[in-house]
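This report refers to the structure that appears directly beneath it.
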Amino acid sequence: MLSENLTWEFPSSAEEAAGLLLRPGALLHAGGTRILKTCPKSVKLLIDTGGLGLDYINFTDNAYYIGSGVTFSEIVKYPAKGKSLPLLQSSLSGAASTPLRNRITIGGSLKDFPLWSSLYAPLIALKARVEILTDKPAIHTVEDYVSSGIIKTKHLIKHLIIDEESGLISGVKKFSILKFQYPAFTIAIALCMKGRMVEDARLVITGVRNRFMRFTKAEEMLKGKTLNELTLEEVHRHISPSFMSDYKFSASYKEKAARIIFMDLFKEIKGGMR
Ligand SMILES: Cc1cc2nc3c(=O)[nH]c(=O)nc-3n(C[C@H](O)[C@H](O)[C@H](O)COP(=O)(O)OP(=O)(O)OC[C@H]3O[C@@H](n4cnc5c(N)ncnc54)[C@H](O)[C@@H]3O)c2cc1C
């Protein structure tokens, strides 16, 4: 149960909301899907983010700016240009259910980062950045935002920035037994090609012991090569995610499933190049 003495504020700018957030017991409320589930008792003040004007998707200077108030459904329906946004759209289209996707926001999902996140693997693979407001604005890569612990501090997320990369080939797959179940993990692959050669590679998994992992040895192995120069077995050797067991799956089961799904995805991407 949330506290009975809860108050609400309805600020009309991001700066006003960031100021209110400094009050003791204050929490931002976006889609509310996580807050309703966890009902944190310590919360005294809920700050509605609906009036902050952060529900935009703009494409400027070869980059997407996605406001933190944008819902998963709005992203999925957006008429994407280029190659970067479709990776995110593909992942979010399989998240939760239609009514939930109509509520779940980018800001709430970035701050929450659940194990079953459909957002983080594609964002890290796309080298996305996040602009946050505390006492002053700051931009971090999504990867740094999590790794450095900034995610745990009090701040308002303003928007995501995703650069459009030419030569990008990518794909994403989640693992769940039933379509509407929480994904046990999500894998995203983004390869930046120069002609037929891999110039940059990002291989990411979420749902693992440390929230996310990049398979850096496999990434290094891919760089500077054509996809035909490497056998799948060579890449496979460097895919070794570490999971926690849960009530549905043991850690070793998830590890085996992740290696198979990773290779399926890799084959699909390689096949698409022909
Ligand atoms: C049944 C179910 C299935 C789900 N399945 C999936 C799934 O498959 N994939 C997936 O990715 N997600 C899934 N979710 C969603 C996920 O678990 C979270 O509930 C969701 O990401 C929270 O987003 P929200 O907008 O509702 O945030 P809220 O509940 O409003 O807030 C969550 C947290 O974010 C903070 N916050 C909100 N906005 C901002 C902001 N602008 N800046 C800083 N902090 C902010 C809040 O203060 C709070 O701490 C599912 C949820 C449910 C209930």
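Quick notes on this structure:
- Within the chain, longest stretch free of exposed chymotrypsin sites (Phe, Trp or Tyr not before Pro) [DSSP loop, at most 14 other beta carbons within 10 Å]: 57-179
- The Cβ shell under 14 Å around L45 holds other residues with a net charge of 0, Lys and Arg each +1, Asp and Glu each -1.
- Other residues lying with their Cβ under 10 Å from the Cβ of P137 contribute a combined charge of -1, Lys and Arg counting +1, Asp and Glu -1.
- With a cut-off of 12 Å on the backbone N, no residue of segment 25-53 is near the modelled label site 7 Å out from D135 along Cα-Cβ.
- Folded to 0 to 90 degrees: helix 251-272 orientation relative to the chain principal axis, Cα: 70
- Centre separation in Å (Cα based) which lies between segment 1-38 and segment 242-274: 38
- The chain: calculated mean residue ellipticity at 222 nm from DSSP helix runs of at least 4, using -39500 (n - 2.57): -8000 deg cm²/dmol
- Sparse packing (at most 15 other Cβ atoms within 10 Å of the Cβ) combined with a DSSP loop state is found for the following trypsin sites (Lys or Arg not before Pro) in segment 180-252: R196, R209, K223, K225, R237, K248.
- Amide H contacts under 5 Å for L28, placed H, 5+ residues apart: I47
- If the chain linking E199 and Y65 were pulled fully straight, counting 0.36 nm for each residue of separation and taking away their Cα-Cα distance, it would gain 45.7 nm.
- Estimated distance in nm for a label pair at T231 and S250, the labels positioned 7 Å out from Cα along Cα-to-Cβ: 2.9
Any read-out appearing in this document is the output of simple, stated calculations on the displayed coordinates, not a laboratory observation. What you are looking at is a predicted structure, and each value in this text was computed from that prediction instead of being measured. Heads up, the Cβs are rebuilt from the backbone with ideal geometry, glycines too, and the neighbour counts pull from every protein chain shown.
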